[in-house]
Amino acid sequence: MKEDLLVGIVLFSSALIHGLVGFAFAITALPLLSLVKSVKFSVPLLSLLSFVVNLATFLLMKEKEVTKIPLRFLGAIFFGVIIGVYGFKIASELTLRILLFIAILSYFIWEVGHHFSRKEEPYIQQINPEVFKSGKALGVAFIVGFLGGILYTPGPPIVIYFSLLRLKKDIFKATLQLIFMITALFTIINHTLQGNITKETLYLFFINLPIVLLGLYLGQRLYMRLSTKAFYYLVNIFLLISAVLLLLKNN
């Protein structure tokens with residue numbers, strides 16, 4: 001009972017953050033959830049919840065403009081997911097924790113550096129879909145899929161890429177939800193085929209779904225009212241601490 005309560009608190013808090021900033025549900029939840037459950041158990045659960053979270057976030061948004069995404073970009077994500085889920089299947093718990101720590105640390109360093117070096121440049125309303133066909137974009141898409149498959153933390157590479165493109169906030173957030181939904185769907189299919197989604201996974205998914213949706217709704221309401229600059233720093237520091245705790249956790 002105590003363990004289920006802790007899982008609920010982690011998922012509620014992570015959904016609240018996602019509703020506020022448009023991403024970070026899985027990357028916030030996974031290191032904390034893995035202190036209660038194993039990474040092997042947590043990743044398939046988060047892939048299920050993330051699909052609903054991203055769909056609900058998209059539906060709650062007033063502005064639903066998205067950048068057109070070519071099929072080859074989605075194909076690169078799908079290929080990355082296949083490789084990632086296979087890696088998840090054969091990797092040890094410790095290996096997954098180390099990979100998660102590296103992913104979070106890399107994102108933390110980039111995010112802090114991005115805030116200190118950010119220059120005031122105009123945001124663009126839309127971008128040419130051809131941008132997503134470049135080798136760099138397809139490389140980003142593969143990494144998104146790979147991280148989605150192996151840890152369900154697809155956010156950092158695509159958030160960094162979109163930040164460099166200087167997309168307007170609402171298009172940025174809406175397009176992220178679309179990419180995350182597709183990644184989650186690909187991941188769920190692959191985890192199901194690999195037998196990684198168990199009865200306990202489905203039980204915790206359904207029992208925590210109302211809590212997650214409530215947190216998401218509250219975060220979305222705050223999205224229009226709250227300045228997030230200081231919040232970003234707090235979230236990143238929180239992520240780093242939780243990642244270190246994850247490495248220190250005994251098997």
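Where a number appears in this text, it was derived from the coordinates with a stated rule and is not lab data. Treat the numbers as computed from the prediction; the structure is a model and nothing was measured. We place every Cβ from the backbone using ideal geometry, glycine too, and count neighbours over all the protein chains shown.
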Peptides 20-28, 131-139 ordered by average Cβ neighbours within 10 Å, highest first: 20-28, 131-139
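Extension gain V244-D4, at 0.36 nm per residue separation less the Cα-Cα distance, in nm?
Length gained, V244 through D4: 84.1 nm.
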For region 37-45, 3J(HN,Hα) per residue [Karplus equation, 6.51 cos²θ - 1.76 cosθ + 1.60, θ = phi - 60°, Hz, x = Gly/Pro]: 10, 7, 4, 4, 7, 5, 4, x, 4
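I need the calculated FRET efficiency for the pair L164 and I189, taking r as the beta carbon distance and R₀ as 35 Å, to the nearest 0.05. Walk me through the numbers before you get to the answer.
Working: r = 30 Å, r/R0 = 0.86.
FRET efficiency, L164 to I189: 0.70.
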Computed FRET value (nearest 0.05) for S38 with E130, which takes r as the C-beta separation and R₀ as 51 Å: 0.75
Net charge of neighbours whose Cβ lies under 15 Å from the Cβ of F142, counting Lys and Arg as +1 and Asp and Glu as -1: +3
